[in-house]
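Beneath this line is the structure, given in structure tokens, with notes to follow.
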Amino acid sequence: MGKKSLVVANWKCNGGIELVQSYLKAFLEIDGADVVVCPPVIFLTQLRALIRKNVSLGAQDLSAFEAGPYTGNISSEMILECGGTWTLIGHSERRALHLESQEEVLQKLQAANRAGLKTILCVGETLADRKSGHAVEKVLGQLDILREANDAALLDNLSIAYEPIWAIGTGETASPSEAQSMHERIREKVSSLGETLGGNLRILYGGSVSAHNCGSFLKEGDIDGVLVGGSCLNVSEFEKIVRICGSR
Ligand code: PEP
């Protein structure tokens with residue numbers, strides 16, 4: 001049997017009680033897909049009722065520190081206590097707006113792994129990288145930290161989201177074949193860290209995914225799911241995406 005699709009909702013800094021209420025009424029439990037909903041962490045406890053066999057909650061980021069004088073930080077233990085079992089790490093908005101370095105991204109991966117959180121490492125190139133022919137080099141370079149981590153448990157709990165930065169929130173997407181060829185390179189690189197890892201790894205495409213276009217991505221052999229930003233703020237659109245990805 002093939003891998004189950006993984007469909008992730010990233011609310012970013014959006015939504016409020018109304019969106020929480022509409023998610024609580026949503027139908028997200030589909031046999032063929034694992035669904036992870038990542039609201040702002042302040043809403044995690046209110047969304048606990050969503051948790052099912054195939055539906056989990058996640059955070060959009062976490063602190064690299066377990067506890068201490070880090071104002072505004074949220075630790076992996078806090079995420080777990082509020083019902084979160086996953087976290088995004090290294091989203092391009094964190095890298096660009098919060099100047100997260102590769103070193104910090106690695107520390108966050110390690111902190112999440114120590115606590116037993118499943119992780120989704122986000123990677124992607126800028127438009128300038130793509131135009132100058134450096135997209136593959138940029139994305140594979142962002143994966144070098146996995147070799148540094150050299151940790152089988154961390155790699156076992158890892159999924160990767162390929163998100164070309166120029167496609168995030170722009171309405172533009174990579175073509176399914178452009179995404180497939182990047183996913184193939186990502187899988188190859190992870191396989192070089194351990195033969196069975198690459199085969200089991202779920203690699204998601206992210207960047208202006210909608211109910212209209214997600215099916216074309218999931219047809220590609222190395223695209224195992226999607227990371228959804230804007231479209232997940234409309235619950236019925238997100239339900240459609242889950243259904244389409246679950247029935248590939
Ligand atoms: C994202 O936030 O990771 C994302 C892919 O956003 P959007 O779907 O809005 O492009």
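Comparing Gly90, Gly194, Gly72 in a Gaussian network model of the chain (Cα springs below 10 Å), the most mobile by mean-square fluctuation is Gly72. Between Gly124 and Glu163, the built amide H atoms are under 5 Å apart, and every one of these is 5 or more places off in sequence or on another chain. What does the C-alpha gyration tensor say about the overall shape of the chain? Classify as rounded when a/c is under 1.5, otherwise prolate if a/b is larger than b/c, or oblate. In terms of gyration-tensor shape, rounded.
What trypsin sites (Lys or Arg not before Pro) does the stretch 198-244 have in DSSP loop regions with at most 15 other beta carbons within 10 Å?
Of the trypsin sites (Lys or Arg not before Pro), the ones in loops of the stretch 198-244 whose Cβ has at most 15 other Cβ atoms within 10 Å are Lys219.
Computed from label points 7 Å out along Cα-Cβ, the spacing between Thr45 and Asp31 is 3.7 nm. Close amide H partners of Lys118, meaning residues 5 or more places away or on another chain with modelled amide H under 5 Å apart, are Trp86, Thr87. Rounded to the nearest 0.05, what FRET efficiency is calculated for Asn200 and Gln21 with R0 set to 30 Å and r the Cβ-Cβ distance? For Asn200 and Gln21, the calculated efficiency is 0.25.
Positive-end ranking of Gly198, Gly169, Val226 along the dipole of the stretch 99-248, with charges on Cβ about the Cα centre, is headed by Val226. When the chain is modelled as a GNM with alpha-carbon springs shorter than 10 Å, which of Ser56, Ser22, Ser159 fluctuates the most? Of the options given, Ser22 has the highest mean-square fluctuation.
Each residue of the stretch 216-228 was assigned a 3J(HN,Hα) from its phi angle through the Karplus curve 6.51 cos²θ - 1.76 cosθ + 1.60 (θ = phi - 60°); the sequence is 5, 6, 5, 6, 6, x, 9, 9, 9, x, 9, 10, 10 Hz, with glycine and proline shown as x. The Thr71 and Ala96 beta-carbon pair, evaluated with R₀ = 30 Å, returns a calculated FRET efficiency of approximately 0.85.
Taking the Cα centre of the chain as reference, the dipole from Cβ charges on Lys and Arg (+1) and Asp and Glu (-1) amounts to some 560 debye.
Of Lys12, Lys53, Lys118, which has the largest mean-square fluctuation in a 10 Å C-alpha GNM of the chain? Comparing Lys12, Lys53, Lys118 in the GNM, the peak value goes to Lys53. Site pair Glu172 and Asp156 shows an inter-label distance of 4.1 nm when each label is modelled 7 Å from Cα along Cα→Cβ.
Judged by the gyration tensor of its Cα atoms, with axes a ≥ b ≥ c, the stretch 123-248 is oblate; a/c meets the 1.5 cut and b/c is at least as large as a/b. Computed from the C-beta positions of Lys131 and Glu103, the FRET efficiency with R₀ = 35 Å rounds to 0.80.
Taking 0.36 nm per residue of sequence separation and removing the Cα-Cα distance, the Ser247/His212 pair yields an extension gain of 11.1 nm.
What separates the Cα centres of the stretch 27-58 and the stretch 64-140 is a distance of 20 Å. Annotation: amide H of Ile74 within the under-5 Å range of Ser63, sequence separation 5 or more or interchain, hydrogens built in the peptide plane.
Computed from backbone phi with θ = phi - 60° and the Karplus coefficients 6.51, -1.76 and 1.60, the 3J(HN,Hα) list for the stretch 14-28 is 9, x, x, 4, 4, 5, 4, 4, 6, 5, 5, 9, 6, 9, 10 Hz; x is used for glycine and proline. Note on Lys25: aspartates and glutamates with a C-alpha under 14 Å away, same-chain residues under 8 apart excluded, are Glu237, Glu239.
Just so you know, all these numbers are worked out from the coordinates, no wet-lab data involved. Because the structure is a prediction, the values reported are computed rather than measured. Positions of Cβ are backbone-derived with ideal geometry, glycine not excepted, and every protein chain shown enters the neighbour counts.
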